[in-house]
Amino acid sequence: MRKLTAALLALLLLAGCAPGDGPAGGEIRRRALTIALDETWTAAAELTYPAGGDGPWPAVILFHGSGPMDMDATNVDAGGRVVSANFRLLAERLARSGYVVLRFHKRGVRRPGDYDLEQAYRATTNQLIADAGRVIAAAREQPEVDGGRIYLYGWSQGAQVAAHAALADRGVAGVILQGPPTGGWAETLRYQHLELGLRLLAEVDADGDGKLSAREWMDVPPGPAALMGSFYVWAPDSTPWASKMRADTDRDGDGLIDLEAELRPAIEALIANPAVNPMMDPANEPAESLAEIAPRLGRPVLILHGEHDGFVPVSDGEAIAAAAPETATLRRLPGLGHALSPTADPARDEFGPMDEAAIAALLEWLQAQAAAW
């Protein structure tokens, strides 16, 4: 089980957690701090807040998506080029608009490029919800933070973390959910791998034989299909220099993955039993989905969901909004993907810089909360 998880973590470390120094910007201030999540892990963190005045200001705490992500939510391409650092972008934009933002390295991340994989294995959704309580408590201790106006912003897995943390903490003023999943791992994998992934892989199949060679797998573009290699294709001892396919997927040993005869059954087996990967074990997930707890939050909820989200279908955001019509506001954002960046095809959903339309929708909602305060 740990072999599959190790392969997935290794890919995520490469794809989403490399260092990046976003623009320093002006008209804002920063202050570094540390937060003890428990006796085994202390996370580096940063407050970003307006340049003028002494506060306190309403606060937004940012919670990461899946994988060992740094406080900036840095995403790099295969060549190591920084593609986006959306949490840094959000922190700077919100600070210029009168908010203090707290972001932090996720459990298992010492600094960009330096990871503790044992702690990363512990970073299940339930563990991250427990961590969130410590982060919220630390935010309330900061003189820049208005403790009565703390909003939790969660992206993807972080949406689960933020909502469950708010359910446990009645002092949280509201919740923002970006690309929130509510259907469970099985439905998420069904969408990513069966609905989108197999279709894209058929397009990558240059010779049209219904099979992908190691070379063709290398040509899979960024997006949900790119992660499929770590799930189903590459053996634990495979390297970029000496690729080796998993024998339980390449069952005939021909060095090719037949999309229908070999890959589809492997996907369906994982969907039927996601617990074969401990990061997906239902025991490590909250007992209730976001749609189930949304009516009990009893506070304003903003759902930001790109209509071209290739990782969580927009129907998940719709289900959460429908479950809490009196408190939840759904903003469907045309042409945007999981990172709320421009995305033409959900199957090619890259985590680019967040689009201005998404930031404007967030600020509009936050300002409406301030007006109603």
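The values are calculated or read from the model by the stated rules, or taken from the named source; none is laboratory data. Since the structure is predicted, the reported quantities are computational estimates derived from the model, not experimental observations. Cβ placement follows ideal geometry from the backbone for every residue including glycine, while neighbour counts extend to all protein chains displayed. Calculation scope for accessible area: heavy atoms of the full protein, side chains included, ligands and nucleic acids excluded. Shrake-Rupley method; radii C 1.70, N 1.55, O 1.52, S 1.80 Å.
Taking the listed residues Ala78, Ala73, Ala59, the one that is more than 25 Å from Gln369 (Cα to Cα), out of contact with any Asp or Glu (no Cβ under 6 Å at 6 or more places or on another chain), in contact (Cβ under 8 Å) with a residue 40 or more places away in the chain and open to solvent by less than 10 Å² (accessible area, probe 1.4 Å) is Ala73, with no other qualifying. Of Ile271, Ile320, all but one fail to be hydrophobic (A, V, I, L, M, F, W, C), out of contact with any His (no Cβ under 6 Å at 6 or more places or on another chain), part of a helix (DSSP H, G or I) and surrounded by fewer than 19 Cβ atoms within 10 Å (Cβ to Cβ); the exception is Ile271. If I filter the range 292-308 down to residues being charged (D, E, K, R) and closer than 24 Å to Ala368 by Cβ, which single residue comes out as least open to solvent (accessible area, probe 1.4 Å)? Residue satisfying both the conditions and the ranking: Arg299. Scanning the range 331-350 for residues that are at pLDDT 95 or above and open to solvent by 50 Å² or more (accessible area, probe 1.4 Å) yields Arg331, Arg332, Pro334, Pro342, Ala344, Arg348. Tallying residues that are open to solvent by 30 Å² or more (accessible area, probe 1.4 Å), at pLDDT 95 or above and aliphatic (A, V, I, L, M) within the range 351-373 yields 3.
Filtering the range 193-203 down to residues that are in contact with a helix residue (DSSP H, G or I) (Cβ under 7 Å, 6 or more places away or on another chain) and open to solvent by 20 Å² or more (accessible area, probe 1.4 Å), which residue is nearest to Ile271 (Cα to Cα)? Residue satisfying both the conditions and the ranking: Leu194. What's the number of the only condition in (1) farther than 13 Å from Val60 by Cα; (2) open to solvent by less than 30 Å² (accessible area, probe 1.4 Å); (3) β-branched (Val, Ile, Thr); (4) modelled with pLDDT of 95 or more that Ile150 fails to meet? It is condition (1) that Ile150 fails.
In the range 212-253, of all residues being assigned to a helix (DSSP H, G or I) and touching a strand residue (DSSP E or B) at 6+ places or on another chain (Cβ under 8 Å), the one that is farthest from Pro346 (Cα to Cα) corresponds to Ala214.
Would you call Glu262 open to solvent by 20 Å² or more (accessible area, probe 1.4 Å), assigned to a helix (DSSP H, G or I), modelled with pLDDT of 95 or more and farther than 30 Å from Gly174 by Cα? When the stated conditions are applied, Glu262 does not pass them.
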